[in-house]
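What follows draws every value from the coordinates through simple rules; no lab data is involved. These numbers come from a predicted model, not from an experiment. Here the Cβ positions follow ideal geometry from the backbone for every residue, glycine too, while neighbour counts run over all protein chains shown.
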Amino acid sequence: MKSILENRPELEKIIREIAEVAGYLWQKGWAERNGGNITVNITDIVDDEIRTLKAIENPVPAGRTMPHLKGCYFFCKGTNRRMRDLARYPMQNGSIVRITDDCQAYEIIADEPVKPTSEIASHLSIHNHLIKKGSDYKAVVHTHPIDLIAMSHNSAFLEKDKLTYLLWSMIPETRAFCPRGLGIIPYQLPSSFDLADATLKELDAYDVVMWEKHGVLSVAQNVMEAFDQIDVLSKSAQIYLTAKSMGFEPKGLSTEQMNELRDAFGLAK
Ligand code: 13P
Ligand code: ZN
């Protein structure tokens with residue numbers, strides 16, 4: 001069967017990058033079984049031939065109208081599919097979907113009828129919101145990092161910006177490469193619109209959010225940057241937990257040192 005990637009180097013590059021990140025998520029131990037999901041808005045590189053492709057499955061209602069997704073196309077990880085399989089065979093463990101003209105449903109157009117992630121409510125709501133805001137972010141990555149989830153089981157860390165400052169203070173990289181910090185979303189049922197809506201609200205202030213006792217979600221221009229933000233936060237969490245397991249409370253960078261970093265890197269106040 002002919003793949004939609006054939007003779008489309010730009011699209012192939014994006015799918016290759018998604019596969020690479022899926023492999024990292026598995027290697028990190030963040031992607032048990034089918035844990036986590038990735039979607040990428042590929043609308044900018046869709047050509048006329050793709051626009052005329054017939055759907056290979058009936059449209060699936062999205063559960064709400066998302067007016068800013070008119071004419072949009074996404075790569076979506078398949079529900080119940082493993083990241084480690086996506087890493088090797090991205091087009092057999094994910095699919096390309098088109099939003100229908102009424103902006104109320106999506107339909108799979110390639111390569112195979114792989115049903116999109118159960119977190120599609122959050123992913124599509126986020127893409128809709130990003131476009132509405134005029135953002136150039138295209139990638140949404142959700143994953144289950146052990147260290148960060150463990151910290152979310154302690155209510156002391158769930159206070160607004162408590163984790164942000166703690167994690168920023170563990171290593172300069174985290175302050176520099178996750179400059180908007182980590183938003184916190186109290187536990188909500190996975191796959192629900194309540195979770196989607198709570199996420200949207202936090203994404204106005206943060207590029208990475210914690211879904212309490214579940215995982216994190218990151219948005220960025222591309223899938224690699226979305227991964228990097230989670231990676232630096234997780235590194236900080238590991239430094240914190242390693243110090244604690246050695247029997248002491250890590251001192252952390254001082255506020256002055258973090259402010260110095262902020263100014264040196266030209267980060268927003
Ligand atoms: P999916 O397999 O449906 O993508 O679900 C994984 C997950 O992490 C749900 O939150
Ligand atoms: Zn999850």
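General observations
- Within the stretch 199-218, considering residues that are within 27 Å of Arg16 (Cβ to Cβ) and more than 16 Å from ligand 1 (Cβ to nearest atom), the one nearest to the chain's Cα centre (by Cα): Asp207
- Restricting the stretch 24-71 to residues that are of a type in the set (S, T, N, Q) and more than 18 Å from Val140 (Cβ to Cβ), the residue that is farthest from ligand 1 (Cβ to nearest atom): Thr52
- Summed over the stretch 69-111, the residues that are touching a Cys at 6+ places or on another chain (Cβ under 8 Å), over 19 Å from Asn37 (Cα atoms) and surrounded by 16 or more Cβ atoms within 10 Å (Cβ to Cβ) give a count of 1.
- Unique match (being within 15 Å of the chain's Cα centre (by Cα) and either surrounded by 15 or more Cβ atoms within 10 Å (Cβ to Cβ) or of a type outside the set (Gly, Ala, Ser) (or both)) among Pro172, Pro179, Pro190, Pro250: Pro190
- Within the stretch 23-49, the set of residues being under 20 Å from His127 (Cα atoms) and assigned to a helix (DSSP H, G or I) comprises Thr43, Asp44, Ile45.
- Put simply, of Ala237, Ala196 the only residue that is within 16 Å of ligand 2 (Cβ to nearest atom), crowded, with 18+ Cβ neighbours inside 10 Å and not acidic (Asp, Glu) is Ala196.
For (1) touching a Phe, Trp or Tyr at 6+ places or on another chain (Cβ under 9 Å); (2) away from ligand 2 (no atom under 16 Å from the Cβ); (3) under 25 Å from Lys269 (Cα atoms), each residue gets a yes or a no:
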| position | (1), (2), (3) |
| --- | --- |
| Ile109 | yes, yes, no |
| Tyr137 | no, yes, yes |
| His144 | yes, no, no |
| His153 | no, no, no |
| Trp168 | no, yes, yes |
